[in-house]
Amino acid sequence: MRPVDKGPAPQQFTNYQDACAPLEQRLGRYCSFCERLLETHLAVEHVMPKSRHKDLALEWDNFLLACVNCNSSKGSKPVLRPPHAKHTHLWPDEHNTLLAFKYIGGWVEVGLARDHPAFSLAEETVQLLGLDKYEGNPDPNRQPTEADRRWSTREIVRSVAERSRQNLRNADSPFMRDQIIQTALARGGFSIWFATFADDADMQQRLLDAFPSSAKNCFDGVKLIPRDPLLL
Ligand SMILES: [Zn+2]
């Protein structure tokens, strides 16, 4: 999950839907959780559900962008975070979520050691958002519905990213590198691209620079560093 820095509130909101345009402008048209690019049906996501926290319904700090599948998986299940309470989950606008999750094949799993202080929060987050749903999951509750294409989209992005890596090996040039970045932006799935180019710091840096509002305080160059000293 790409860590992001939304920046300060662009205005006060009287209607939360008005935040969609500035969120898209700052973060790109990507779901903040599953990372896929969506031309339509991206919605303002209330991290702490507005049905439970009416005082946060218009708060910029409580907004992210979500696709319909992440949004409906999350629903209005209880979520807490400072300054209201301790974190119950991990979020791309607060933590270095690129450290927390691993993208293997088309599925997402926790990438932290079991004794890591953020391990259970990462597990809760995957569950909450349904990012562990994939075809063939032995748990019938963790299989995607027909309408949930997140898993298969990740599979496609992963194969495009892998193919791009091979192409770069065969014909490395600044033009090819730029073309791959353009492909990544047009497909979404930042974390998959970042993982695929794990051995290529130049490509990782290009990805960080190209995807808007990537949180710079999560990186030393392209090396991942914690953003919250207590968690991630
Ligand atoms: Zn999503």
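The values are calculated or read from the model by the stated rules, or taken from the named source; none is laboratory data. This one's a predicted model, so the numbers in the text were calculated from it and none came from an experiment. Glycine also receives a Cβ, built like all others from the backbone with ideal geometry; neighbour counts cover every protein chain displayed. With ligands, DNA and RNA removed, areas are computed over all heavy atoms of the protein, side chains included. Shrake-Rupley method; radii C 1.70, N 1.55, O 1.52, S 1.80 Å.
Structure data summary
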item	result
Largest-first ordering by accessible area, 1.4 Å probe, given options Arg154, Arg163	Arg163, Arg154
Nonlocal amide H pairs with Leu65, under 5 Å, H built at 1.01 Å	Ser32, Glu45
Nearest-ten-degree value, helix 174-187 long axis tilted from longest Cα axis of the chain	30 degrees
Solvent exposure, largest accessible area first (probe 1.4 Å, DNA, RNA and ligands not counted), of Asp93, Asp199	Asp199, Asp93
For Arg36, residues with placed amide H under 5 Å, excluding near neighbours	Cys31, Gly189
Which of Gly130, Ala201, Thr145, positive extreme of dipole for the range 82-232 (C-beta unit charges)	Ala201
The range 107-232: C-alpha gyration tensor shape, a/c 1.5 cut-off, then a/b vs b/c	oblate
Acute angle (nearest 10 degrees) that the helix 119-129 long axis makes with the longest principal axis of the chain, alpha-carbon atoms	80 degrees
Long-range HN-HN contacts of Phe101 with modeled amide H, under 5 Å	Gly111
Per residue, the convex hull volume that the Cα atoms of the chain enclose (Å³)	128 Å³
Pairwise Cα inverse-distance average, inverted: Kirkwood Rh of the range 62-103 (Å)	11.8 Å
Integer Hz, Karplus 6.51/-1.76/1.60 couplings in order for the range 203-215, x for Gly and Pro	5, 4, 5, 4, 5, 4, 6, 7, 6, x, 6, 5, 6
For the range 1-117: Kirkwood Rh in Å [reciprocal of mean 1/r, alpha carbons]	15.0 Å
Accessible area of Arg52 in the full protein assembly, 1.4 Å probe (Å², nearest 10)	130 Å²
Note, ³J(HN,Hα) from phi for the range 146-157, Karplus 6.51, -1.76, 1.60, rounded to Hz, x at Gly and Pro	4, 7, 9, 9, 4, 5, 5, 4, 4, 4, 5, 4
Pairs of lysine residues in the chain - Cα separation under 25 Å, sequence separation of 8 or more or cross-chain	25
Length-normalised contact order of the range 1-158 in % [C-alpha pairs under 8 Å, at least 6 apart]	21 percent
Size of the range 72-148 as Cα extents on the principal axes (Å, biggest first)	38, 29, 19
